[in-house]
Amino acid sequence: MKIWKFVITGGPCAGKTEAIKIVKQDLSNKGLKVIAVPETATELITSGITPWEIGKNEFQYLILDRVMNKEETALKAAAKLKQDVVIIYDRGILDGKVYIEEEDFMNELKKYNENEKTVLDRYNAVFHLVTAANGAEDFYTLANNEARTETIEVARILDEKLIEAWRKHKTLKIIDNSTNFEQKMSRLLKEIENVMKK
């Protein structure tokens, strides 16, 4: 039995939510069990817990705590299944260091006995979907996610910072907007397939 742990990340309006649905369906059709762990920031914001009310650092610390718990739960569940499992995380732990001072984030990470290397080692691969704000500007919107507030300019900056946050991962795959969205998803599926063949 094998457990693959994949992060799907990227800037605002990159197609992460739709991508996870597509990946889950594709892998399920191939007979694999898929556990999809939803994004924590959106969960908190839509529940009424927002960084503009409690402070951006405190918000990221809540996300980190919740992500740690969700990842542990997914791994425990996967270990009980008697088949190969793919866990897809909608964003990973290191996304958090993009939104606050890196030193603050890394100090908080230490409270969980983690550091950058141990976090990178948690995941088999990281798939970064480039925001529509970079190369598909006509499709950039705030309308499909009530937790999204970023302008196109801010989205581009966050996207670049996210790539840098994950740059040291041995299997970082960047899926850009050089094609239409359907083809972007096809390229993502191909990258996942290639990783799973190794």
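The values are calculated or read from the model by the stated rules, or taken from the named source; none is laboratory data. Please read all numbers here as calculations on a predicted model, not as lab measurements. Neighbour counts run over all protein chains shown; Cβ positions are idealised from the backbone, glycine included. Ligands, DNA and RNA are stripped out before the accessible areas are found, and what is left, the full protein with its side chains, is counted by its heavy atoms. Shrake-Rupley method; radii C 1.70, N 1.55, O 1.52, S 1.80 Å.
Data overview
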{"quantity": "Residue in the stretch 90-107 that is in contact with a strand residue (DSSP E or B) (Cβ under 8 Å, 6 or more places away or on another chain), farther than 25 Å from ILE157 by Cα, open to solvent by less than 30 Å² (accessible area, probe 1.4 Å) and assigned to a helix (DSSP H, G or I) present", "calculated": "no"}
{"quantity": "The lone exception for LYS82 - which of (1) assigned to a helix (DSSP H, G or I); (2) charged (D, E, K, R); (3) out of contact with any Ser or Thr (no Cβ under 8 Å at 6 or more places or on another chain) it fails", "calculated": "(1)"}
{"quantity": "Selection count, the stretch 50-83, where residues are within 19 Å of LYS97 (Cα to Cα) and either without any contact (Cβ under 8 Å) to a residue 12 or more places away in the chain or over 15 Å from the mean Cα position of the chain (by Cα) (or both)", "calculated": "13"}
{"quantity": "Verdict on GLY96 being of a type in the set (Gly, Ala, Ser), over 30 Å from MET1 (Cα atoms) and at pLDDT 90 or above", "calculated": "yes"}
{"quantity": "Condition check for LYS30: among the charged types (D, E, K, R), more than 16 Å from PHE181 (Cβ to Cβ) and surrounded by fewer than 16 Cβ atoms within 10 Å (Cβ to Cβ)", "calculated": "yes"}
{"quantity": "Residue selected from the stretch 109-135 under the condition over 30 Å from ILE152 (Cβ atoms) and acidic (Asp, Glu), by the criterion most open to solvent (accessible area, probe 1.4 Å)", "calculated": "ASP121"}
{"quantity": "The listed residue being on the phi < 0 side of the Ramachandran plot, of a type in the set (Val, Ile, Thr), surrounded by fewer than 22 Cβ atoms within 10 Å (Cβ to Cβ) and part of a loop (DSSP other than H, G, I, E, B), out of ILE45, ILE49", "calculated": "ILE49"}
{"quantity": "Boolean, LYS161 is at pLDDT 95 or above, among the charged types (D, E, K, R) and open to solvent by 40 Å² or more (accessible area, probe 1.4 Å)", "calculated": "yes"}
{"quantity": "Only listed residue being touching a Lys or Arg at 6+ places or on another chain (Cβ under 7 Å) and in a helix (DSSP H, G or I), chosen from ALA155, ALA165", "calculated": "ALA165"}
{"quantity": "Residue that is nearest to THR151 (Cα to Cα) [pool: residues in the stretch 16-27 that are open to solvent by 50 Å² or more (accessible area, probe 1.4 Å) and of a type in the set (D, E, K, R)]", "calculated": "GLU18"}
{"quantity": "Residues (surrounded by 14 or more Cβ atoms within 10 Å (Cβ to Cβ) and part of a loop (DSSP other than H, G, I, E, B)) located in the stretch 177-198", "calculated": "ASN177, THR179"}
{"quantity": "Residue in the stretch 6-15 that is open to solvent by 70 Å² or more (accessible area, probe 1.4 Å) and outside any strand (DSSP E or B) present", "calculated": "no"}
{"quantity": "From ILE87, ILE35, ILE22, residue being over 21 Å from GLU164 (Cα atoms), of a type outside the set (S, T, N, Q) and touching a Phe, Trp or Tyr at 6+ places or on another chain (Cβ under 9 Å)", "calculated": "ILE87"}
